[in-house]
1. Scan (1) in contact with a helix residue (DSSP H, G or I) (Cβ under 7 Å, 6 or more places away or on another chain); (2) on the phi < 0 side of the Ramachandran plot; (3) more than 9 Å from chain B (Cβ to nearest Cβ) for the single condition A:GLY20 breaks and write down its number.
2. Could you please give the count of residues in the range A:59-78 that are more than 7 Å from chain B (Cβ to nearest Cβ) and out of contact with any Gly (no Cβ under 9 Å at 6 or more places or on another chain)?
3. Kindly indicate which of A:LEU140, A:LEU170, A:LEU147, A:LEU154 is closer than 19 Å to A:THR107 by Cβ and at pLDDT 90 or above.
4. Quick check on my filter: what residues within the range A:118-143 are in contact with a Ser or Thr (Cβ under 9 Å, 6 or more places away or on another chain), part of a loop (DSSP other than H, G, I, E, B) and surrounded by fewer than 21 Cβ atoms within 10 Å (Cβ to Cβ)?
5. Can we say B:MET67 is away from chain A (no Cβ under 14 Å), out of contact with any Pro (no Cβ under 6 Å at 6 or more places or on another chain) and under 30 Å from A:ALA69 (Cα atoms)?
6. Looking only at the range A:80-92, filter to residues that are more than 7 Å from chain B (Cβ to nearest Cβ) and surrounded by fewer than 24 Cβ atoms within 10 Å (Cβ to Cβ); which one of those is farthest from B:PRO84 (Cα to Cα)?
7. For the range B:14-37, which residues satisfy the criterion of being more than 14 Å from chain A (Cβ to nearest Cβ) and outside any helix (DSSP H, G or I)?
8. Out of the range B:169-218, which residues are surrounded by 16 or more Cβ atoms within 10 Å (Cβ to Cβ) and outside any helix (DSSP H, G or I)?
Amino acid sequence: MELRVSDLAVARGGLPLIEGLSFAVSGGEALVLRGPNGSGKTTLLRTLAGLQPPLAGQISAPPEQMAYAAHADGLKSTLTVRENLRFWAAIHGQNGVDAAMAAMNLTDLADRQAQHLSAGQKRRLGLARLLVTGRWLWVLDEPTVSLDVASVALFGEVVRAHLARGGAALLATHIDLGLPEARILDLGPYKAEMPADLGFDEAFL
Amino acid sequence: MIALLIRDLRLAFRAGGGFGLGLGFFLILAVLVPLGVGPDPQTLGLIAPGILWVGALLACLLSLDRMFALDHEDGSLDLLATAPIPLEGVVAIKALAHWLTTCLPLALVAPVLGILLNLPGPGYLWLVLSLLLGTPALSMIGAFGAALTVGLKRGGLLLSLLVLPLYVPTLVFGAQSVTRAAQGLDPLTPILLMSGITAGSLALLPFAAAFALRINLR
């Protein structure tokens, strides 16, 4: 299994951010995206996940193979931890809710409503969702925001176990996850030139 | 998809879910109208079908902006769009959940409020029937409007303005069928026309709404 991206260009709000980007990730690999704020990491990940079309270029793997995790965790505050996870497992036709809770150290919180969790606990629940999607490629946008040191290490273990199962991960993150085998891709050299004049239509897209 | 329906129903019935908002509004309207119009049974019976239908329509409108906005705020909508169920199915299920939690209770409670408004005898059956057949169109058109305005902050006013003109045919035919039944005339023609609108919206609007959602998620 492999994701191959060739000559990709992405835009946000009609402005091109990245162009000429090519890379490949295959099963068992992790790729960390680096770049300053506004360099297009989130836009790139949203494009890969199929939430917006690329300006140009090819993405070899369809969005159906990717599990996307964004800044927002997609949790319902009046549902319990277990109910939230069960919903996403059912949507993806998977089981393993208990295993996912155990992996992210949420078993003790299983029957607590998401609105009563701390920010870090919510994040752990949002990341546990990845385990019930059953998809091989994880596309993660700043997965460690509001996690403490122990939870970051825990999540590093979860990612490593996912890689060992033949999965792959694409992470946009500023901190070290404790994954020495991860390759690092700096987005700086792929920054797009600002076009001289923007198309009139682009203002409305 | 059934998991999504169960989740939406569960969310609606939990605290702050908005179940009962439309029902409460409908109740208040039907209680206040006789106080405002006066106690004359003749007048009330004459306006009852229209009042009940307008009330049901506005009650339906009240909870529309929550349909996609809440999922958009907490990021669920992005994740649903990347999930293995088609976005058209998501829209249809969301509209169904809205109908079950908002419109179905309205149709069931309408005969009781009909008594308050002195609705003539033959009207009751057709009141319930026309609401049952007409309100699915209100939910589906509403889902389309909610999908169009999902990214906007405080999009409620725009949503109402977009959706109200599309509600008019359903309102006209729905209220007309009850009025005709109450006067002892044949209500079949308007109710069939209204059912046609419902069938058409259910068939076409999930695709339009899913398309609007995809554009708004970009």
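The values are calculated or read from the model by the stated rules, or taken from the named source; none is laboratory data. Note that the coordinates shown come from a computational prediction; the quantities given were computed from them, not determined experimentally. Every residue, glycine among them, receives a Cβ derived from its backbone with ideal geometry; neighbour counts consider all protein chains shown.
1. (2)
2. 3
3. Result of the check over A:LEU140, A:LEU170, A:LEU147, A:LEU154: A:LEU154.
4. A:SER118, A:GLU142
5. yes
6. Among residues in the range A:80-92 that are more than 7 Å from chain B (Cβ to nearest Cβ) and surrounded by fewer than 24 Cβ atoms within 10 Å (Cβ to Cβ), the one farthest from B:PRO84 (Cα to Cα) is A:THR80.
7. B:GLY20, the sole residue that qualifies.
8. Scanning the range B:169-218 gives a single hit, B:PRO187.
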